[in-house]
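Working notes, beginning with the structure itself.
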Amino acid sequence: AGTVSDSKGNLRSIPQNMQGSAYTLVAADAGKHIITGSGVTIPNNVFAVGDAVTIISNSGSDQTITQASGLTIYNTADGSTGNRTLATRGMCTLIFTQGGSSSYAYISGAGLS
(Lines give C-alpha, C1' and ligand atoms only; values in the text may rest on other atoms or scores of the structure.)
Protein backbone atom coordinates (compact mmCIF):
# COMPACT_ATOMS: atom_id res chain seq x y z
CA ALA A 1 0.00 0.00 0.00
CA GLY A 2 3.08 2.25 0.11
CA THR A 3 5.08 4.04 -2.58
CA VAL A 4 8.05 2.37 -4.21
CA SER A 5 10.77 4.92 -4.93
CA ASP A 6 14.48 5.56 -5.12
CA SER A 7 16.68 8.65 -5.31
CA LYS A 8 15.09 9.59 -8.66
CA GLY A 9 11.52 9.33 -7.40
CA ASN A 10 8.53 7.09 -8.09
CA LEU A 11 9.67 3.89 -9.82
CA ARG A 12 6.52 3.88 -11.96
CA SER A 13 7.47 7.08 -13.75
CA ILE A 14 10.46 8.05 -15.86
CA PRO A 15 11.74 11.52 -14.87
CA GLN A 16 12.07 14.10 -17.64
CA ASN A 17 15.04 16.30 -18.52
CA MET A 18 13.97 18.93 -21.07
CA GLN A 19 16.74 20.46 -23.16
CA GLY A 20 16.25 23.37 -25.56
CA SER A 21 19.72 23.34 -27.09
CA ALA A 22 22.33 20.74 -28.08
CA TYR A 23 22.94 18.56 -25.03
CA THR A 24 25.57 16.10 -23.81
CA LEU A 25 24.21 13.42 -21.48
CA VAL A 26 25.48 13.29 -17.88
CA ALA A 27 25.48 10.42 -15.38
CA ALA A 28 22.41 11.87 -13.62
CA ASP A 29 20.41 11.24 -16.83
CA ALA A 30 20.47 7.47 -16.24
CA GLY A 31 16.88 6.26 -15.87
CA LYS A 32 15.43 9.47 -17.36
CA HIS A 33 13.97 10.57 -20.65
CA ILE A 34 15.53 13.49 -22.45
CA ILE A 35 13.30 15.81 -24.50
CA THR A 36 15.35 17.57 -27.17
CA GLY A 37 14.90 19.76 -30.19
CA SER A 38 18.61 20.21 -30.89
CA GLY A 39 20.35 16.83 -30.75
CA VAL A 40 22.16 14.83 -28.09
CA THR A 41 25.77 13.68 -27.66
CA ILE A 42 26.35 10.36 -25.90
CA PRO A 43 29.65 10.60 -23.97
CA ASN A 44 32.11 7.80 -23.25
CA ASN A 45 32.82 6.47 -19.72
CA VAL A 46 29.90 8.28 -18.07
CA PHE A 47 27.28 5.57 -17.62
CA ALA A 48 27.47 2.34 -15.63
CA VAL A 49 26.68 -1.06 -17.11
CA GLY A 50 22.91 -1.44 -17.17
CA ASP A 51 22.09 2.28 -17.20
CA ALA A 52 19.42 3.30 -19.70
CA VAL A 53 18.38 6.65 -21.17
CA THR A 54 15.46 7.42 -23.47
CA ILE A 55 15.64 10.29 -25.98
CA ILE A 56 12.55 11.95 -27.47
CA SER A 57 12.62 14.34 -30.41
CA ASN A 58 10.43 17.30 -29.46
CA SER A 59 10.91 18.94 -32.82
CA GLY A 60 9.50 19.21 -36.30
CA SER A 61 12.88 18.17 -37.70
CA ASP A 62 15.28 15.24 -37.41
CA GLN A 63 17.73 15.19 -34.48
CA THR A 64 21.30 13.87 -34.49
CA ILE A 65 22.41 11.48 -31.77
CA THR A 66 26.19 11.80 -31.71
CA GLN A 67 28.48 8.94 -30.64
CA ALA A 68 31.40 10.48 -28.71
CA SER A 69 34.97 9.30 -29.20
CA GLY A 70 35.75 6.01 -27.45
CA LEU A 71 32.11 4.88 -27.31
CA THR A 72 30.53 2.43 -29.74
CA ILE A 73 26.77 2.67 -30.26
CA TYR A 74 25.23 -0.37 -31.94
CA ASN A 75 21.92 0.03 -33.73
CA THR A 76 19.95 -3.08 -32.74
CA ALA A 77 18.08 -3.06 -36.06
CA ASP A 78 21.14 -3.82 -38.17
CA GLY A 79 24.28 -3.86 -35.99
CA SER A 80 25.70 -0.72 -37.57
CA THR A 81 27.64 1.78 -35.46
CA GLY A 82 28.12 5.53 -35.40
CA ASN A 83 25.93 8.60 -35.17
CA ARG A 84 22.19 8.09 -35.52
CA THR A 85 19.32 10.22 -36.77
CA LEU A 86 16.13 10.42 -34.73
CA ALA A 87 13.17 11.41 -36.90
CA THR A 88 10.64 14.12 -36.13
CA ARG A 89 8.81 13.15 -32.90
CA GLY A 90 10.80 9.91 -32.74
CA MET A 91 11.81 8.10 -29.55
CA CYS A 92 14.72 5.78 -28.78
CA THR A 93 16.36 4.14 -25.80
CA LEU A 94 20.02 3.40 -25.14
CA ILE A 95 21.29 0.77 -22.72
CA PHE A 96 24.95 0.86 -21.72
CA THR A 97 27.25 -2.18 -21.54
CA GLN A 98 30.97 -2.76 -21.36
CA GLY A 99 33.29 -5.29 -22.89
CA GLY A 100 36.90 -5.35 -21.75
CA SER A 101 38.32 -1.83 -21.90
CA SER A 102 35.68 -0.54 -24.34
CA SER A 103 32.35 1.13 -23.71
CA TYR A 104 29.27 0.17 -25.66
CA ALA A 105 25.66 1.25 -25.93
CA TYR A 106 22.82 -0.43 -27.79
CA ILE A 107 20.13 1.79 -29.29
CA SER A 108 16.64 0.99 -30.51
CA GLY A 109 13.54 3.00 -31.20
CA ALA A 110 10.87 4.43 -33.48
CA GLY A 111 12.09 6.79 -36.16
CA LEU A 112 15.73 5.80 -35.68
CA SER A 113 18.10 5.50 -38.61
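The values are calculated or read from the model by the stated rules, or taken from the named source; none is laboratory data. This is a predicted model, so every value here is computed, not measured. Here the Cβ positions follow ideal geometry from the backbone for every residue, glycine too, while neighbour counts run over all protein chains shown. SASA here: full protein model, heavy atoms, side chains in, ligands and nucleic acids out. Shrake-Rupley method; radii C 1.70, N 1.55, O 1.52, S 1.80 Å.
When each of 19, 67 is tested for being within 12 Å of the chain's Cα centre (by Cα), open to solvent by less than 60 Å² (accessible area, probe 1.4 Å) and not basic (Lys, Arg), the lone residue that passes is 67.
Here is a check on your reading of the model: is residue 56 closer than 24 Å to residue 5 by Cβ and either open to solvent by less than 60 Å² (accessible area, probe 1.4 Å) or at pLDDT below 95 (or both)? Criteria met by residue 56. Taking the stated definitions as given, is residue 2 in contact with a Pro (Cβ under 9 Å, 6 or more places away or on another chain) and part of a loop (DSSP other than H, G, I, E, B)? It is false that residue 2 is in contact with a Pro (Cβ under 9 Å, 6 or more places away or on another chain) and part of a loop (DSSP other than H, G, I, E, B). If only residues of segment 70-104 that are of a type in the set (Ser, Thr, Tyr) and within 24 Å of residue 21 (Cα to Cα) are counted, the one that is surrounded by the fewest Cβ atoms within 10 Å (Cβ to Cβ) is 88.
Against the conditions (1) closer than 30 Å to residue 6 by Cα; (2) surrounded by fewer than 16 Cβ atoms within 10 Å (Cβ to Cβ); (3) at pLDDT 95 or above; (4) over 12 Å from the mean Cα position of the chain (by Cα), residue 48 satisfies every one except (3).
Among the candidates 72, 85, 81, 97, single out the residue that is closer than 22 Å to residue 35 by Cα and of a type outside the set (A, V, I, L, M, F, W, C). Can you show your working first?
Details: 72 fails: closer than 22 Å to residue 35 by Cα; 81 fails: closer than 22 Å to residue 35 by Cα; 97 fails: closer than 22 Å to residue 35 by Cα.
Unique residue meeting the criteria: 85.
With respect to residue 14, determine if the residue is under 12 Å from the mean Cα position of the chain (by Cα) and at negative phi. Can you show your working first?
Working: under 12 Å from the mean Cα position of the chain (by Cα): no; at negative phi: yes.
No; evaluated as a whole, the condition is false for this residue.
Filtered by the rule that a residue be among the aromatic types (Phe, Trp, Tyr) and either touching a Gly at 6+ places or on another chain (Cβ under 8 Å) or outside any strand (DSSP E or B) (or both), segment 44-87 gives a lone residue, 47. Among the residues of segment 31-42, the one identified as assigned to a loop (DSSP other than H, G, I, E, B), touching a Gly at 6+ places or on another chain (Cβ under 9 Å) and open to solvent by less than 40 Å² (accessible area, probe 1.4 Å) is 37.
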